[in-house]
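**Q** If you scroll down you'll find the structure; I have some questions about it.
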Amino acid sequence: MAATVVVNAAPDYLPSMSSGPSIDAVLAELAEEFDLLGDWESRIGYVIDLGRELPPLPEADRTEANKVPGCAAQVWLAVRRDGDRLDFAADSDSALSKGNIALLLRLYAGRTPAEILAFDARAALDRLGLPSALTRQRANGLNAMVGRIREAAAAAQK
């Protein structure tokens, strides 16, 4: 009797690193959405809409320690551990900054620290074309948000 060999295993045969789609799959989905939108005015509008979908940040998380330095607007990012994964809550007093952090949370929320640190955020954001659509100050703020998420991941690995 011949043995069955599974060449392209179904996803349930493979260990899942995340509870949802991979970070690369989320990036591909975002890239497809951005490509469909076409012009930058529509894309920035979409980013702002992402921010509107963020759940409200509890007042207890609006602390100086949770503020992201280097942003043009006030941005708060609270980090929570959920087993071996990190989850985030965020808000901003600027619609665009809130959209930017919402986009990042779509990529990073529910990931392990190792997944977060292995992901090339700069290349991902360049793939979306986001930094080139922002002013230098907003692009620096976006990089500061990514830096804060990566710092949290690095600290969680210790």
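**Q** Within the range 63-115, restricting attention to residues that are touching a residue at least 40 places away in the same chain (Cβ under 8 Å) and among the β-branched types (V, I, T), which residue is most open to solvent (accessible area, probe 1.4 Å)?
**A** V79
**Q** Restricting to the range 126-138, name every residue that is hydroxyl-bearing (S, T, Y) and in a helix (DSSP H, G or I).
**A** S132
**Q** Pick out the one residue from A73, A114 that is outside any helix (DSSP H, G or I), more than 13 Å from the chain's Cα centre (by Cα) and more than 20 Å from F34 (Cα to Cα). Working first, answer last.
**A** Details: A114 fails: outside any helix (DSSP H, G or I).
Just one listed residue meets the conditions, A73.
**Q** Let me ask something additional. Quick check on my filter: what residues within the range 46-62 are outside any loop (DSSP other than H, G, I, E, B) and open to solvent by 30 Å² or more (accessible area, probe 1.4 Å)?
**A** Across the range 46-62, the qualifying residues are Y46, I48, D49, R52, E59, A60.
**Q** Cβ-Cβ under 7 Å, sequence separation 6+ or interchain: first residue in the range 132-149 and in contact (Cβ under 8 Å) with a residue 60 or more places away in the chain and over 13 Å from Q74 (Cα atoms), partner open to solvent by 70 Å² or more (accessible area, probe 1.4 Å) and not β-branched (V, I, T). Which pairs?
**A** Hits for this filter: A133/W40.
**Q** When you scan the range 89-99, how many residues do you find that are assigned to a helix (DSSP H, G or I) and within 19 Å of P58 (Cα to Cα)? Step through it out loud before you land on a result.
**A** The first filter runs over the range 89-99 and keeps only residues assigned to a helix (DSSP H, G or I), leaving 95-99.
Now narrow it down to the ones that are within 19 Å of P58 (Cα to Cα): 95, 97-99.
Number satisfying all stated conditions: 4.
**Q** Could you grab the pairs with beta carbons closer than 9 Å, sequence gap of 6+ or different chains, first residue in the range 19-40 and farther than 11 Å from L128 by Cβ, second one open to solvent by less than 60 Å² (accessible area, probe 1.4 Å) and among the basic types (K, R)?
**A** Qualifying pairs under 9 Å: S19/R85; I23/R111.
Rundown of residues vs (1) in a helix (DSSP H, G or I); (2) within 17 Å of L50 (Cβ to Cβ), yes/no style:
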position	(1), (2)
A78	no, no
R81	no, no
A124	yes, yes
R150	yes, no
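The values are calculated or read from the model by the stated rules, or taken from the named source; none is laboratory data. None of these values were measured; they are calculated from a predicted model. Please note: Cβ atoms are built from the backbone with ideal geometry, for glycine as well, and neighbour counts cover all protein chains shown. Surface accessibility is based on the protein's heavy atoms, side chains included, excluding ligands, DNA and RNA. Shrake-Rupley method; radii C 1.70, N 1.55, O 1.52, S 1.80 Å.
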